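Following: one structure in structure tokens, then a few remarks.
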Amino acid sequence: MNDTEITELIESSPREAFGKIIEQYGSLVYAIAANKLHLCASSEDIEDCVSDIFVEVFRNLDNLSADKGSLKAFISTVAKRSAIDAYRRISYRQSITDSIDREGFVMPSTGENVEEAAVSKAYSHTVREAIMSLGEPDSSIIIHQYYYNHTIRETAKALSMSVGAVQQRSLRARKRIEKLLDEKG
């Protein structure tokens, strides 16, 4: 199918057009995403990125016109930009996890009670596991707020979210962490 036929199909049957676009450009989109993400992402992350790319393509099909270029160029551009965003997001998440892991292993000073230090270390490991089990973006929100002492506004800006969304997610995430910690005793 050429671009004109797909454009006509979008107007008459969006669902069928969606299938045709995925069929025709799925390999291209996967190749672009895999090329950008292969060093930092799992295959599931790459597949999620591909899905996000097609969602973004369909959200912006209204912006597509024949004089702006081909459908392939449009999809390629969306794929490249989305994959770069995913790369930044995944790399950022990994750097936070790595920094928490490195800083989590501290030997107690000679004057400190070793038993208390062991209990404290075990508790902070449990808290860290609970935070990481939240998934994105909730774990990043909690880390920004309580590890980096960022305000909700700073956290929202860093994660490209609205202040209201960060407030709601933070509240829910703290309740989930509390529940997880209660379950672990």
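FYI, it's all coordinate maths here, none of it is from the lab. Everything numeric here is computed off the predicted structure, so don't read it as measured data. Here the Cβ positions follow ideal geometry from the backbone for every residue, glycine too, while neighbour counts run over all protein chains shown.
Go ahead and run the numbers for FRET between residue 154 and residue 116, Cβ-Cβ distance against an R0 of 22 Å, rounding to 0.05.
Given R0 = 22 Å and the Cβ-Cβ separation, E is 0.10.
For 141, 6, what's the fewest-to-most ordering of other Cβ within 10 Å of each Cβ?
Going from least to most buried by this count: 6, 141.
Amide H of residue 150: which non-local residues (sequence gap of 5 or more, or other chain) have their own amide H closer than 5 Å, using H built in the peptide plane?
Placed amide hydrogens put 145 under 5 Å from residue 150.
How big is the gap, in Å, between the Cα center of region 159-185 and the Cα center of region 3-81?
33
HN-Hα J couplings of region 160-175 from phi, Karplus 6.51/-1.76/1.60, θ = phi - 60°, integer Hz, Gly and Pro as x?
6, 10, 7, 4, x, 5, 5, 4, 5, 5, 5, 4, 5, 5, 5, 5
Residue by residue through region 72-78, what is 3J(HN,Hα) from phi via Karplus (6.51 cos²θ - 1.76 cosθ + 1.60, θ = phi - 60°)? Round to whole Hz and write x for glycine and proline.
4, 5, 4, 5, 4, 5, 4
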